């Protein structure tokens, strides 16, 4: 669990720092932040906890969801939440 949290935090920071595009609409960003990323995090957590396939896949999915969340939240806030 500790590894999962640390990787999640690392990818949250990476997603926030390395985001540099504005091609998505704000409504898509909201979908990514409130539905898509949390769902990916949950699935990754369950894969890691239940040892589905290999725990690495769950960690990777959780980490990529963290990056998705932070990237899209960063740009949503950058553009003042204009939908």
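FYI, it's all coordinate maths here, none of it is from the lab. These figures come from a predicted structure and were not determined experimentally. When we count neighbours, we look across all protein chains shown, and the Cβ atoms used for this are built from the backbone with ideal geometry, even at glycine.
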List 50, 32 from most exposed to least, where exposure is judged by having the fewest other Cβ atoms within 10 Å. 50, 32
Indicate the gyration tensor shape class of the range 2-78 (rounded, prolate or oblate), computed on the Cα atoms with a ≥ b ≥ c the square roots of the eigenvalues: a/c under 1.5 is rounded; otherwise a/b larger than b/c is prolate and the rest oblate. prolate
Please report the relative contact order for the range 44-83, taking Cα pairs under 8 Å with a sequence separation of at least 6, and give it as a percent rounded to a whole number. 27
